[in-house]
1. For the pair residue 309 and residue 441, how long in nm is the line joining their label points, each one 7 Å along Cα→Cβ?
2. With each run of n ≥ 4 DSSP H residues scored as -39500 (n - 2.57), what mean residue ellipticity at 222 nm is computed for the chain after dividing by its residue count and rounding to the nearest 500 deg cm²/dmol?
3. Taking a label point 7 Å from the Cα of residue 191 along the Cα→Cβ vector, which residues of the stretch 393-430 have an amide N closer than 19 Å to it?
4. Using packing as a proxy for protection, rank 138-150, 382-394 so that the peptide with the highest average count of other Cβ atoms within 10 Å comes first.
5. May I ask you to compute the full-extension gain from residue 122 to residue 242, defined as 0.36 nm times their residue separation minus their alpha-carbon distance, rounded to one decimal in nm?
6. If Lys and Arg each add +1 and Asp and Glu each add -1, what is the summed charge of the other residues whose beta carbon sits under 15 Å from the beta carbon of residue 232?
7. Mind computing the radius of gyration and Dmax over the alpha-carbon atoms of the chain? Å is fine for both.
8. In nm, what is the difference between 0.36 nm times the number of residues separating residue 134 and residue 204 and their Cα-Cα distance?
Amino acid sequence: MVKTFESDRWLLGFREVCLSACAESSIWTKFCEVDLITSATQLLHNPSPIIPKDLIRLEYHLLQPVRTHNIGKMKFDLIRKNGTSEKNTITVEHTYVEGAEMYLSDLIVFPLIHICFNIYGVENISDVLPLTCKWYNLMLSQSRILFCTKIFVIEKLFVNQPLKVPEVKMESLYKCDPKRCKTSEKLFTKQEDIENALQIIDSINILHEYEYNFDSLLSKNFSWDDVPFHAHPKGGNLPDERLCRKMEQIENVVKAVLAITHKKDIIVDFCCGGGHVGILLAHLLPSCFVLLLDNKEHSLKKAHDRINELNLKNIFIIQSNIDYFKGKFQIGVTLHACGVATDLVINNCIQNRSKFVVAPCCYGKLQQNHILHYPKSNLMKNSMTVRDYMVLGHSADQTHKEEYSKSDQGEKCMRTIDVDRCLHAKENAYNVYLTKMIPFTCSPKNNLIIGVPE
């Protein structure tokens, strides 16, 4: 929305990346878009003299030095302003929540802080949150923001009442904060841990639930010779060394979609990138509608150019994170959505009672977040810990060439994670098929999961 108003694009900050990282992977985005909203909502419904922990987290964040990708430029600007010559001695402090300038994040955080401060009274909380109050007053000094506060009429509930400060770890909300880089909190995968996790899998005999299925789902006729240049991966400027394998991957996914689609279906290509899968589907299925969804503007620009060259009228582009997309659709598809993105796609499809075709990738990047919890299926949840599951995910990325000693083990771990996904969908009344892309050599991550509501 901000990008549609040229005069306000500065709110997106350096390289227009403010809050561009999704909340599932970014501590800062999650704080702005999830944590602080949750705290303000809870405070509105259940007022308490205990200050929400997220307000303390923001105060501690403002207390830390600014850590951002253009910190060098910020320091250089301060050198010119203050006449200092030693760049290493300069610390950039927070004026706004992300640094020296106001960004979109300030506008998102402000109304939530405004709600909390109105409930407690600024005069009551200023001693506890001095930096947050300083930032809050700076925001109020802008006439347009002050005007908007007239919308919020909130009763002060804790006037002249002592407030309680919860205990919170002092650290910034930047993932790159060195204080977060603690060896004791990292997951190091040892062979012994992998073997113990696989023993659990063997004991519950989970893998027999889904043998690889090679039936008619991938038998639809398909010929690249009939595909126009801009619907072909060649039209997406893929390098020659990747082209053949990418064509094989796309062909497998597209064949699966062709096997389960009907006229007038709405198909969403999640994490579409340059649109290799979605554009081809729009060409092959003129009676269906295709939505390309991705959060990267640069990739979508490439897809937009290809669509214009093809003059396709049944395809649309949406720039969004997966979990923010709330539209209705009949089929969700994704090719090598990284880590948790695969499970976000499956979740979205299950909530919509939509069919899905997913080719998972980057199993080692699976992690708990505010939306997803692992393991996914009840059987796996009752059988192993989260850490055991993450160990399997790390090992699943060890699927390389046949001569690599860990490939068989990695294949078993990869299959285990995908069987868990299949069981989760089955528990939600889906018929699920686990198959492999053909030829197997098209990708080390060659599993394909196809789900159809019962």
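1. 2.9
2. -12500 deg cm²/dmol
3. 393-414
4. Numbers: 138-150: 11.9, 382-394: 19.2.
Packing proxy ranking, top to bottom: 382-394, 138-150.
5. Working: separation 120, 0.36 × 120 = 43.20 nm, distance 5.86 nm.
Here the segment from residue 122 to residue 242 would lengthen by 37.3 nm.
6. -1
7. 25.3, 78
8. Length gained between residue 134 and residue 204: 19.5 nm.
Here, each number is a calculation from the coordinates, and none is a lab measurement. Owing to the predicted nature of the structure, the values given are computational and were not obtained by experimental measurement. With ideal geometry, Cβ positions are generated from the backbone for all residues, glycine too; neighbour counts draw on all protein chains shown.
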